[in-house]
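Data first, discussion second: the structure below is written as structure tokens.
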Amino acid sequence: MKPAAHATAAFDEAARLRSIAFLNWAHALDHFVLLIYPTVVIGLEVIYQRPYSELIALSSAAFLAFGIFSLPAGWLADRWSRRNMMAAFYLGCGVSLAAAGIAPDLATLAVAMFALGIFAAIYHPVGMAMLIEASGAKGRTLAFNGVCGNLGVSLAAGISGALAYWVSWRAAFFVPALVSFVSGIVYLWMTPDDLLHAKSRVSKPAVPLTARLAFMLFGLFIVIALSAGLTFNVLTIALPKIVDERLSSDLPLVMVGGIATLVLVCGALAQLSVGRLVEWVPPHIIFAAVTGIGFLGNLWAAYANGVTLLVALAIAIAAIYGQVTVNDMIMARYTADAWRGRVYAVRYFLLFISAGAAIGMIALLHKSGGFPLVLSVNAMIALLLFLTTLGLVGMIISVEGKHAAAQPAE
């Protein structure tokens with residue numbers, strides 16, 4: 001290789017790795033910022049003298065925006081610039097978090113949370129499309145990115161609880177606001193624009209589908225996205241309060257956040273394991289296995305108490321995070337890069353719009369029968385996810401068999 005060509009290849013590789021690093025960091029921030037409030041709300045019960053069921057409903061504005069605005073985010077990224085949309089993610093989240101930190105009342109806080117949801121919605125349809133393009137949909141890279149998102153979820157409870165306990169609930173918003181805004185400035189400085197690159201993206205998927213098969217396959221993905229979204233959001237949003245209520249109501253907020261963090265770390269370990277497993281086991285087989293385990297974990301959590309409850313929740317959370325990596329890999333195989341942002345936008349719209357329904361479900365069921373009822377209903381949703389995944393696996397086996405038969409012999 002000539003020196004000039006070697007230098008260009010090295011520069012391209014460095015830019016690719018830098019882009020992946022920023023996407024991993026963004027994934028951690030994305031999940032972290034949305035789960036600040038579900039921990040802080042425990043302290044707000046005392047400050048505002050309002051019940052948990054009423055205060056947790058305020059976060060529905062953020063989670064609804066998180067789902068709804070993923071659709072225009074994916075469309076804009078494919079039509080305009082994925083890099084510039086990611087810059088808007090970093091900077092917009094920073095400004096919105098600062099607004100939440102200075103909110104003088106609950107109504108203003110709800111508006112700031114809505115704005116946060118708008119900008120946080122950018123990451124998944126845009127960031128995942130960028131990551132799959134940069135990594136070639138490698139299992140380990142996708143798994144590590146998933147771990148980063150999981151760590152964001154895990155650390156949100158612990159760090160937010162510590163800031164709220166040792167400083168104030170406003171500090172729990174101000175500190176990540178500064179981190180996010182500074183990250184956006186550095187991102188713009190260190191990553192090149194991609195406006196010209198957008199025109200050269202591949203417009204054919206790895207495995208082409210007939211219109212009928214595509215309709216059936218993505219119909220199953222819709223049910224999976226909705227049921228996985230409900231299961232995921234019920235567990236992650238309610239986890240701090242489950243720990244607070246089902247273990248001991250006398251635990252300080254910092255301790256509640258710490259225990260919730262330890263439980264959520266199990267999801268990170270599951271994703272790393274799945275990232276390795278896909279090198280030997282087809283992703284769709286792993287998909288069915290982890291959703292089945294997720295159902296069992298949710299069912300166990302509905303009837304467990306004390307330490308066994310933590311074990312059951314850890315299993316349920318490990319499963320719901322473990323399925324994310326293989327889900328993304330399967331979708332990437334049947335969608336072309338040129339319109340992958342829009343496809344992921346639809347998936348994440350369904351996945352995260354269910355967060356609003358999850359909050360309403362938590363509030364209603366908790367008021368009626370406490371967390372045993374919340375977790376029992378969540379187990380039934382996890383069962384629907386498992387059964388739908390079995391249907392998807394059956395279809396994929398058929399499609400892949402026909403695709404392999406149609407390939408020319410070497």
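The values are calculated or read from the model by the stated rules, or taken from the named source; none is laboratory data. Computed from a predicted model, the values in this text were never measured in an experiment. Heads up, the Cβs are rebuilt from the backbone with ideal geometry, glycines too, and the neighbour counts pull from every protein chain shown. Heavy atoms of the whole protein, side chains included, go into the accessibility calculation; ligands, DNA and RNA do not. Shrake-Rupley method; radii C 1.70, N 1.55, O 1.52, S 1.80 Å.
Report the full-extension gain for the segment Arg79 to Tyr303: residue separation times 0.36 nm, less the Cα-Cα distance, to one decimal in nm.
Values: separation 224, 0.36 × 224 = 80.64 nm, distance 4.89 nm.
Additional length available on full extension: 75.8 nm.
Calculate the FRET efficiency for Arg18 and Arg170 from the Cβ-Cβ distance with a Förster distance of 51 Å, rounded to the nearest 0.05. The partial results should precede the final answer.
Details: r = 33 Å, r/R0 = 0.66.
The pair Arg18/Arg170 has a calculated efficiency of 0.95.
Along the Cα→Cβ direction, 7 angstrom out, place labels at Thr191 and Leu373. What is the inter-label distance in nm?
4.5 nm
Quickly rank 127-135, 115-123 as a protection proxy: mean count of other C-beta atoms within 10 Å, highest first.
On the way: 127-135: 22.9, 115-123: 26.8.
Ranking the peptides 127-135, 115-123 by packing returns 115-123, 127-135.
Calculate the length of the line joining the C-alpha centroid of segment 124-176 to that of segment 41-94, in whole Å.
Going from one Cα centre to the other spans 14 Å.
Suppose the chain between Leu269 and Val281 were pulled fully straight at 0.36 nm per residue; how much longer would it get relative to their current alpha carbon spacing?
Numbers: separation 12, 0.36 × 12 = 4.32 nm, distance 1.77 nm.
Full extension from Leu269 to Val281 adds 2.5 nm.
On the full set of protein chains, 1.4 Å probe, figure out the accessible area of Val393 and give it in Å² to the nearest 10.
Surface open to solvent at Val393 totals about 10 Å².
When you count, for each residue, the other Cβ atoms within 10 Å and take the mean per peptide, how do 162-171, 82-91, 41-50, 235-244 rank with the highest first? Don't skip to the answer; put the middle values down first.
Values: 162-171: 17.4, 82-91: 22.0, 41-50: 15.3, 235-244: 25.2.
Top to bottom by mean Cβ count within 10 Å: 235-244, 82-91, 162-171, 41-50.
Kindly sort Trp189, Trp75 by accessible area of their heavy atoms, largest first, with the probe set to 1.4 Å. Intermediate values should be presented prior to the final figure.
On the way: Trp189 200, Trp75 125 Å².
Ranked list, largest accessible area first: Trp189, Trp75.
Hey, for a label at Tyr48 modelled as a point 7 Å past Cα toward Cβ, could you say which residues of segment 84-121 have their backbone N under 15 Å away?
100-115, by backbone N distance to the label point.
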